[in-house]
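The values are calculated or read from the model by the stated rules, or taken from the named source; none is laboratory data. These numbers were taken from a predicted model, which means no experiment stands behind them. Glycine also receives a Cβ, built like all others from the backbone with ideal geometry; neighbour counts cover every protein chain displayed.
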Amino acid sequence: MNVPPPPPPRSPVPNHLVWAVLVTVASLFVCCIVGTIPGIVAIVFASQVNGKLSQGDYAGAERAARTAKLWCWITTALCVVGLLWSVYFISTGGLEQYRLMMQQMRTGP
């Protein structure tokens, strides 16, 4: 009786959940609300990885991990852009200009 050889050991599939959560929270703190949306998408895909692995769906787990990683990178990029914009806005006196604009709106033309 021929016994098939055991399948080759598979490398662990990273779920990127910590990265997804951290970058999503960071996007909230750097005034990049737009970055929060892809961050939530990254969290959803990252949370699917372990479930797919426990069901034996290795290909699905790898696909979810790749998708989560892509959305993590997108969120990270948006977070960096938001941070740079915030630094630029503050360094050019943007807060004072914003206050003046709001005062003019309240007092009228």
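Here are a few things to note about the model shown:
- Evaluation of residue 70 against (1) touching a helix residue (DSSP H, G or I) at 6+ places or on another chain (Cβ under 6 Å); (2) in a helix (DSSP H, G or I) (one fails), failing number: (1)
- Residue 80, sole failed condition from (1) under 11 Å from the mean Cα position of the chain (by Cα); (2) modelled with pLDDT of 90 or more; (3) over 19 Å from residue 12 (Cβ atoms): (1)
- Cβ-Cβ contacts under 9 Å between residues 6 or more apart (or on different chains), taken from a first residue in the stretch 51-62 that is farther than 10 Å from residue 13 by Cβ to a second residue that is of a type in the set (Asp, Glu), are listed as 51/57.
- You will find that of 36, 76, the residue that is among the polar types (S, T, N, Q), in contact (Cβ under 8 Å) with a residue 40 or more places away in the chain and out of contact with any Phe, Trp or Tyr (no Cβ under 6 Å at 6 or more places or on another chain) is 76 and no other.
- Unique match (being modelled with pLDDT under 95 and polar (S, T, N, Q)) among 55, 48: 55
- Residue 14 under 11 Å from the mean Cα position of the chain (by Cα) and in contact (Cβ under 8 Å) with a residue 24 or more places away in the chain: no
- Test: residue in the stretch 95-102 that is assigned to a helix (DSSP H, G or I) and either surrounded by 15 or more Cβ atoms within 10 Å (Cβ to Cβ) or touching a helix residue (DSSP H, G or I) at 6+ places or on another chain (Cβ under 8 Å) (or both): yes
- Candidates 65, 77, 46, 20: the one that is among the hydrophobic types (A, V, I, L, M, F, W, C), loosely packed, with under 15 Cβ neighbours inside 10 Å and assigned to a helix (DSSP H, G or I) is 77.
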